[in-house]
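Report on the structure given below.
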Amino acid sequence: MDFTLGDGVRLDYDDLGSGPLAVYTHGALLSRQVEDKMGLVGWEAVERLPRGRFVRYDARGHGASTGRPEPDSYRFQQFAADLVELLGHLGGERPVTGMGSSLGCATMLHAAVAQPGLFDRLVLLIPPTAWETRPAQAANYRKLADLVTASGPEAFTTALATAPVPPSLSGLPGYPPREVGVPAELLPALFHGLADSDLPDRALLPALTQPTLILALADDPSHPRSTAEQLAELLPNARLHISNDSADVRTWGDRVARFLSS
């Protein structure tokens, strides 16, 4: 299925089941297809839940969705606005369950801050760098934008394939990913948009009182434990689980399903 946003970007999505809606969005550089190959989260347990409607979509510029070579199109706030617009198209009762990984985690938090009451629960997977750790990551994104512009996308995919793998992810069959879910011509704009982004101001987060499950890794510098721990402290009704190895990461799908059914 697909939906065209007000600015002409088309989002491609899957819509399964019926009843209360849960929506999920992936991390930067990925897509539904790439993420499934990685094996980070197995969604089978969620899809088997009774009386549940489960929507996954490719964010703008990713996967089967379209995008523009404009950095402002790839700031966290724009991804959040896209989500709110998509939810308006999907209809159904409000509030809904919001779930996201990395970039998707940022998308959910920005949408929740901008639209109080939109979500009844949140599932935040591998929260990204934020606040004090964000400037260093932003500098990395700008270097990657320069690398792709100067040497082409193959230079980036080579760097991605040879990057160190955190021990907690070393047992996943599709990690590191062997492909990216973003067209080559959009990569520089995406990197610059991500570099100009951060999670919402910490002072805004205590207002998000809905039950929240945070799933994090113990040892991934791109998704530092510090962000997850700060979110667990700032969000009044948050539950944090940190995985030290890939065997525990493989339990995430079941953990999410239990959280949604509780």
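The values are calculated or read from the model by the stated rules, or taken from the named source; none is laboratory data. Computed from a prediction, not measured in an experiment: that's the story for all the values here. Quick reminder, even Gly has a Cβ in these numbers, built from the backbone with ideal geometry, and neighbours come from all protein chains shown.
Being touching a helix residue (DSSP H, G or I) at 6+ places or on another chain (Cβ under 8 Å) and in a helix (DSSP H, G or I) is the filter here; which residues of segment 207-227 pass it?
Selection gives 207, 226, 227.
Give the residues of segment 196-206 that are farther than 26 Å from residue 143 by Cα and either assigned to a strand (DSSP E or B) or touching a helix residue (DSSP H, G or I) at 6+ places or on another chain (Cβ under 7 Å) (or both), sorted by residue number. Walk me through how you get there before you give the answer.
Narrowing segment 196-206 to residues farther than 26 Å from residue 143 by Cα: 202-206.
Listed by number, the residues that qualify are 202, 204, 205, 206.
Just checking, how many residues over segment 130-158 are within 17 Å of residue 180 (Cβ to Cβ) and touching a Leu at 6+ places or on another chain (Cβ under 7 Å)?
Residues flagged as within 17 Å of residue 180 (Cβ to Cβ) and touching a Leu at 6+ places or on another chain (Cβ under 7 Å) within segment 130-158 amount to 5.
Quick one: what pairs do we get from segment 90-117, first residue at positive phi, second outside any loop (DSSP other than H, G, I, E, B) and surrounded by fewer than 24 Cβ atoms within 10 Å (Cβ to Cβ), C-beta under 7 Å, 6+ apart or different chains?
Between residues of segment 90-117 that are at positive phi and residues that are outside any loop (DSSP other than H, G, I, E, B) and surrounded by fewer than 24 Cβ atoms within 10 Å (Cβ to Cβ), the close pairs are 92/21; 92/53.
Look at residue 157 and say whether it is among the β-branched types (Val, Ile, Thr) and within 20 Å of residue 37 (Cβ to Cβ). Let's see the steps before the verdict.
Details: among the β-branched types (Val, Ile, Thr): yes; within 20 Å of residue 37 (Cβ to Cβ): yes.
Against the criterion (among the β-branched types (Val, Ile, Thr) and within 20 Å of residue 37 (Cβ to Cβ)), residue 157 qualifies.
Can you pull out the residues in segment 223-250 that are modelled with pLDDT under 95 and among the hydroxyl-bearing types (Ser, Thr, Tyr)?
Passing the criteria: only 246.
Filtering segment 15-56 down to residues that are more than 12 Å from the chain's Cα centre (by Cα) and among the basic types (Lys, Arg), which residue is surrounded by the fewest Cβ atoms within 10 Å (Cβ to Cβ)?
51
Hey, among 152, 171, 181, 193, which residue is in contact with a helix residue (DSSP H, G or I) (Cβ under 7 Å, 6 or more places away or on another chain), farther than 23 Å from residue 106 by Cβ and of a type outside the set (A, V, I, L, M)?
Details: 152 fails: in contact with a helix residue (DSSP H, G or I) (Cβ under 7 Å, 6 or more places away or on another chain); 181 fails: farther than 23 Å from residue 106 by Cβ; 193 fails: farther than 23 Å from residue 106 by Cβ.
Just one listed residue meets the conditions, 171.
The conditions are (1) farther than 22 Å from residue 182 by Cβ; (2) surrounded by fewer than 18 Cβ atoms within 10 Å (Cβ to Cβ), and residue 72 fails exactly one of them. Which is it?
Looking at each condition in turn, residue 72 falls short on (1).
For segment 228-261, which positions are over 15 Å from residue 121 (Cα atoms), more than 17 Å from the chain's Cα centre (by Cα) and outside any strand (DSSP E or B)?
If the condition is that a residue be over 15 Å from residue 121 (Cα atoms), more than 17 Å from the chain's Cα centre (by Cα) and outside any strand (DSSP E or B), then 229, 230, 233, 234, 244, 245, 246, 247, 248, 250, 251, 254 are the ones that fit.
Residue 76 passes all but one of (1) within 17 Å of the chain's Cα centre (by Cα); (2) farther than 18 Å from residue 192 by Cβ; which number fails?
Against the list (1) within 17 Å of the chain's Cα centre (by Cα); (2) farther than 18 Å from residue 192 by Cβ, residue 76 comes up short only on (2).
How about segment 104-129: which of its residues are of a type in the set (A, V, I, L, M) and either surrounded by fewer than 24 Cβ atoms within 10 Å (Cβ to Cβ) or part of a strand (DSSP E or B) (or both)?
113, 114, 118, 122, 123, 124, 125
Residue under question is residue 184, and the condition is that it be within 18 Å of the chain's Cα centre (by Cα), small (Gly, Ala, Ser) and surrounded by fewer than 22 Cβ atoms within 10 Å (Cβ to Cβ); does it hold? First the steps, then the outcome.
Numbers: within 18 Å of the chain's Cα centre (by Cα): no; small (Gly, Ala, Ser): yes; surrounded by fewer than 22 Cβ atoms within 10 Å (Cβ to Cβ): yes.
For residue 184, the condition - within 18 Å of the chain's Cα centre (by Cα), small (Gly, Ala, Ser) and surrounded by fewer than 22 Cβ atoms within 10 Å (Cβ to Cβ) - is not met.
With the requirement that a residue be surrounded by fewer than 20 Cβ atoms within 10 Å (Cβ to Cβ) and within 24 Å of residue 227 (Cβ to Cβ), what does segment 165-176 give you? Before the answer, list the steps.
Within segment 165-176, the first condition is being surrounded by fewer than 20 Cβ atoms within 10 Å (Cβ to Cβ), and the residues that meet it are 165-167, 170-176.
Listed by number, the residues that qualify are 165, 166, 167, 170, 171, 172, 174, 175, 176.
Hey, can you tell me all the residues within segment 140-164 that are part of a helix (DSSP H, G or I) and closer than 22 Å to residue 228 by Cβ? Quick ask: steps written out before the conclusion?
Narrowing segment 140-164 to residues part of a helix (DSSP H, G or I): 140-151, 153-161.
Passing the criteria: 140, 141.
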